[in-house]
Amino acid sequence: MPKKNPLMMIPGPTPIPQSILKAIARQPIKHRSDEFTSIMQEIYTNLKYIFQTKNDVFIFASSGTGAMCGALENILNPKDRILCLVTGKFGERWAEIAKLRGAEVDILSCNFGEVITPKMLQDHLSLHKPYKAITLTHSETSTGVANDLQSLCAIIKKTESLCIVDGISSICAMPCKMDEWGIDILISGSQKGLMLPSGLSFLALSAKAYEIHKKCLFPSFYFNFSLHKEALKKNTTPFTPSINLIFGLLESLRIIKNIGLENLYHKHKKHTFALRDAIRAMGLELFVKDDAHASYATTSIIPPNGIKAQDIIKHLQENYNIIIASGQQELEEKIFRIGTLGYIHNEDLIQTITALEQTLQSLGYKFENKIGTQTLLEKLKMP
């Protein structure tokens with residue numbers, strides 16, 4: 001008897017709809033053909049919808065980190081000044097990539113579990129010379145926080161700096177409006193809100209950022225903006241694409257357009273706050289205290305005193321076939337994370353909270369029986 005697939009309740013990779021799996025499973029076709037060009041034309045149009053932009057959106061056969069590299073490798077020259085807003089591991093990654101390009105990197109950070117406030121950014125910029133670019137993370141899945149992207153972008157927009165945003169786990173899950181908010185480079189990845197396997201990343205590029213790219217002394221070859229822009233004019237890619245993932249992307253974007261972005265945002269928000277209320281009802285502490293700063297992609301939870309996060313994770317997997325995530329790096333033993341991103345349904349949350357309650361009771365934690373599940377059910381009934 002084959003083992004049942006586990007329930008993936010992590011912030012990526014996320015569960016995949018059967019129609020997308022079926023699309024990916026078809027035989028590949030020639031990527032320099034009229035059929036493939038027609039597919040790409042529809043995809044490029046629909047990507048502009050999910051990125052909320054009229055700008056070009058490029059597709060890379062890479063993880064989201066590839067798009068991060070593409071973003072910086074195409075604009076930075078040695079000794080350029082860049083500011084990286086850091087709220088977790090993935091904010092730190094922008095700084096690591098920039099340093100490898102020879103840039104002079106300043107970091108504006110906060111305690112993990114908190115966010116960069118508009119005042120923090122405004123105060124920092126008032127004391128420093130202008131930066132060529134400022135990077136920030138919208139939804140920081142390593143901690144579970146979400147920065148106030150609209151307010152931060154509004155501040156950056158008043159400067160000469162390029163506004164570069166990691167939207168890897170926020171695209172399709174949280175409002176993220178590239179053109180309206182003044183974002184110059186916005187990236188995402190396939191294994192998050194797009195409900196695909198990992199292996200594709202996306203980069204939306206403003207006209208301002210493209211002009212800066214033209215002055216880059218040593219631009220990337222594979223992620224080169226100019227090559228991708230030329231290929232896009234012909235509805236193709238400059239290099240061999242991941243053909244079968246493109247088939248899945250076509251289906252994914254059709255599903256998303258049919259549902260509508262606003263409906264997806266509402267679903268993710270409802271799931272997140274129902275989960276947070278259930279966790280509180282069980283007497284557990286959330287790592288992100290303020291609901292206003294909570295990511296819709298993942299919820300980070302502090303384990304009860306005397307119980308290790310890894311024991312909770314292991315028990316859920318071995319006894320209920322449910323996969324949740326540990327913390328990363330210094331947070332590995334301090335939190336566990338439950339994802340609400342992508343193809344997640346009410347039933348998945350109910351199953352997870354029910355199993356979490358039973359797991360905690362088995363590990364010796366005392367609380368009112370079934371209070372988490374009852375709270376979750378009540379919140380999920382709300383409009």
Scan of the stretch 207-233 for residues that are part of a loop (DSSP other than H, G, I, E, B), in contact (Cβ under 8 Å) with a residue 24 or more places away in the chain and out of contact with any His (no Cβ under 9 Å at 6 or more places or on another chain), ordered by number: Lys215, Cys216, Leu217, Phe218, Ser220, Tyr222, Phe223
Scan the stretch 356-383 residue by residue and report those that are open to solvent by less than 20 Å² (accessible area, probe 1.4 Å) and under 26 Å from Cys172 (Cβ atoms). Leu356, Leu376, Leu380
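Would it be correct to say that Ser252 is part of a helix (DSSP H, G or I), of a type in the set (Gly, Ala, Ser), open to solvent by 30 Å² or more (accessible area, probe 1.4 Å) and at pLDDT 95 or above? Give the steps one after another, and end with the answer.
Details: part of a helix (DSSP H, G or I): yes; of a type in the set (Gly, Ala, Ser): yes; open to solvent by 30 Å² or more (accessible area, probe 1.4 Å): no; at pLDDT 95 or above: yes.
Criteria not met by Ser252.
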Tell me which of these Glu330 doesn't satisfy, since it passes every other one: (1) open to solvent by 30 Å² or more (accessible area, probe 1.4 Å); (2) of a type outside the set (Ser, Thr, Tyr); (3) modelled with pLDDT of 95 or more. (3)
Can you name the condition, by its number, that Phe225 falls short on among (1) surrounded by fewer than 23 Cβ atoms within 10 Å (Cβ to Cβ); (2) under 17 Å from Leu76 (Cα atoms); (3) hydrophobic (A, V, I, L, M, F, W, C)? (1)
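Yes/no per residue for (1) touching a helix residue (DSSP H, G or I) at 6+ places or on another chain (Cβ under 9 Å); (2) assigned to a strand (DSSP E or B); (3) without any contact (Cβ under 8 Å) to a residue 24 or more places away in the chain; (4) closer than 17 Å to Lys89 by Cβ:
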{"residue": "Gly283", "(1), (2), (3), (4)": "yes, no, no, no"}
{"residue": "Lys289", "(1), (2), (3), (4)": "no, no, no, no"}
{"residue": "Ile301", "(1), (2), (3), (4)": "yes, yes, no, no"}
{"residue": "Gly306", "(1), (2), (3), (4)": "no, no, no, no"}
{"residue": "Leu316", "(1), (2), (3), (4)": "yes, no, no, no"}
{"residue": "Asn319", "(1), (2), (3), (4)": "yes, no, no, no"}
Taking the stretch 1-34 as the region of interest, how many residues are surrounded by 11 or more Cβ atoms within 10 Å (Cβ to Cβ), of a type outside the set (D, E, K, R) and not in a loop (DSSP other than H, G, I, E, B)? 7
For Thr141, work out the one condition from (1) buried (at least 24 other Cβ atoms within 10 Å of the Cβ); (2) of a type outside the set (Gly, Ala, Ser); (3) closer than 13 Å to Asp166 by Cα; (4) in contact with an Asp or Glu (Cβ under 7 Å, 6 or more places away or on another chain) it doesn't fulfil. (4)
Within the group Ile353, Ile338, which residue is at pLDDT 95 or above, within 26 Å of Ser170 (Cα to Cα) and in a strand (DSSP E or B)? Ile338
Any chance Lys308 is open to solvent by 50 Å² or more (accessible area, probe 1.4 Å), at pLDDT 95 or above and touching an Asp or Glu at 6+ places or on another chain (Cβ under 6 Å): no
Search the stretch 144-195 for residues being within 30 Å of Leu21 (Cβ to Cβ) and polar (S, T, N, Q), and hand back the single one that is surrounded by the most Cβ atoms within 10 Å (Cβ to Cβ). Ser169
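Residue-wise test of (1) on the phi > 0 side of the Ramachandran plot; (2) free of Cβ contacts under 8 Å to residues at least 60 places away in the same chain.
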residue: Ala98; (1), (2): no, yes
residue: Gly102; (1), (2): yes, yes
residue: Ser109; (1), (2): no, yes
residue: Val115; (1), (2): no, no
residue: Lys119; (1), (2): no, yes
residue: His124; (1), (2): no, yes
residue: Leu136; (1), (2): no, yes
Pairs with Cβ under 6 Å, 6+ apart, first in the stretch 25-43 and acidic (Asp, Glu), second open to solvent by less than 80 Å² (accessible area, probe 1.4 Å): Glu35/Ile29
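The values are calculated or read from the model by the stated rules, or taken from the named source; none is laboratory data. None of these values were measured; they are calculated from a predicted model. Neighbour counts run over all protein chains shown; Cβ positions are idealised from the backbone, glycine included. SASA here: full protein model, heavy atoms, side chains in, ligands and nucleic acids out. Shrake-Rupley method; radii C 1.70, N 1.55, O 1.52, S 1.80 Å.
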